Amino acid sequence: MELLHLHNVSLWRNSATILKNINLTIKYGEQWAVLGPNGSGKSFLMNIIATLVFPSSGEVVIAGKKLGEVNVWDVRNHIGIVSDYLQYSYPAMTKTVEVVASGFYSSLGLYQELSPTILQKAESILQTLGLKHYAQTPFGKLSYGEQKRVLIGRAIVYDPDILILDEPCNGLDIRAREEFLHKLTDLVAMKKHIIYVTHHVDEIMPWINRVMLLADGQCMYAGDRSVLEDEALLSRVMGYPLGIFHHNSRTYWYIK
Ligand SMILES: Nc1ncnc2c1ncn2[C@@H]1O[C@H](COP(=O)(O)OP(=O)(O)OP(=O)(O)O)[C@@H](O)[C@H]1O
Ligand SMILES: [Mg+2]
C-alpha cells in the first residue's frame, strides 16, 4: 500500500528549475531521510508534500487522494510539518497551548474560540512532550529548542500519518538533540511516518529504513538506507570527498 506517491514532479520559479522530474513512493511502514547540499531543493520538496506549494508539473497522491482533484484540507489532515519557516512565522505573544491547538486548523494563528475538547487535546500533547508548564507562556519566550518541541506538538495534534521534519535539530544543544531524536522513536512506535531532512547523517536514526539523495533539484537515489555505506555516491551528491564510520548503531561522516 502506498502512503505517498510523487510522479514526475517538477517545480520552477521565474526561469529557474528548482525540482526536476522527482519520482518517489512512500509505503506504509517506511521511514525516510532526505539528504542533499544547500539549495538542492529539499525544503521545496517537503513543502510540496505538505501541500503548501503546488508543483509546476507532475502528480502528487497522498493516502490515495490526488492533489488538484480533492479538497486540499482533506489531504492536509494526513500531514504535519515542522520547519524553521513555521517557527519564525508565529507571533511571539501567542500562548504555547494555542500554537499547538492551531495545528487543528493548519493555521498560524487562532481565529476561532478554542473548544474544550481541542484545548484538552493540546494540553495533553504538551504533557507528553514534557512542556505542560509552558501552556500559558507566550511562544516567543520559549527557548529555540522548546519552540521546536512545541511545533512537533502542533504537527501531531490532529494525528497525521506523515510527519515532515525539515532540519528539526538545527540550533539544539547536544543533549536536547539526543532527547529529541529519542522522542521521535516514540512517534514511530505510534505508527507515524517520518520524513526527516538533515545535513547530519548521525541524525538518521536506526529506525529510518529509506533514504533519498537530492542534488541540484534531481533525485540521485531513493531506496534502502544501505546507501549510507556508499562513500562514492554520497561524495558525489554532496560535492565533497566523504568517508563514513559507525558508532553505537549510528552513522557518521567526515571529510576525507
Ligand atoms: N523565487 C525563486 N526563484 C528562483 N529560485 C528560487 C526561488 N526561491 C528559492 N529558489 C532556489 O530554490 C533552490 C532550492 O531551495 P530549497 O530551500 O528547497 O533548498 P534546500 O535543499 O532546502 O537547502 P538548505 O539545505 O539550505 O535548506 C535554492 O537554490 C534557492 O535559491
Ligand atoms: Mg531547506
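Candidate membrane-span-like segments in the chain, meaning DSSP H helices with Cα atoms spread over at least 15 Å of their own axis and a Kyte-Doolittle mean of -1.0 or above, are 116-128, 144-156, 174-189, with no membrane implied. Dipole of the chain computed with +1 at Lys/Arg Cβ and -1 at Asp/Glu Cβ about the Cα centre; of P91, Y105, V60, farthest Cα towards the positive end is P91. One chain, two ends: V188 and S124. Fully extended at 0.36 nm per residue, the span grows by 21.2 nm beyond their Cα-Cα distance.
Packing here is the average count of other Cβ atoms within 10 Å per residue, and on that basis the peptides 60-69, 150-159, highest first, run 150-159, 60-69.
Before rounding to the nearest 500, sum -39500 (n - 2.57) across all DSSP H runs of length at least 4 in the chain and divide by the residue total; then give [θ] at 222 nm in deg cm²/dmol. Don't skip to the answer; put the middle values down first.
On the way: 8 runs with 75 residues, N = 256.
One gets -8500 deg cm²/dmol as the mean residue ellipticity at 222 nm.
Between the residues G217, T251, I194, the greatest Cα displacement towards the positive end of the dipole of the stretch 187-256, with unit charges on the Cβ of Lys, Arg, Asp and Glu, is found for I194.
Remark: the chain carries a charge dipole of roughly 180 debye about the Cα centre, counting +1 on each Lys and Arg Cβ and -1 on each Asp and Glu Cβ. For I18, what is the net charge nearby, where nearby means another residue's Cβ is under 12 Å from its Cβ and Lys, Arg count +1, Asp, Glu -1? Taking every Cβ under 12 Å from that of I18, the sum is +2. Shape verdict for the chain, please, from the Cα gyration tensor: rounded (a/c under 1.5), prolate (a/b greater than b/c) or oblate. Note, shape of the chain comes out oblate. Remark: the Y85-E179 segment gains 31.6 nm on full extension, using 0.36 nm per residue and subtracting the alpha carbon distance.
Packing around the peptides 125-131, 236-242, taken as the average count of other Cβ atoms within 10 Å per residue, puts them in this order, highest first: 125-131, 236-242.
FYI, it's all coordinate maths here, none of it is from the lab. Model, not experiment: these values are computed from the prediction. Ideal geometry is used to build each Cβ from the backbone, glycine not excepted, and the neighbour counts take in all protein chains shown.
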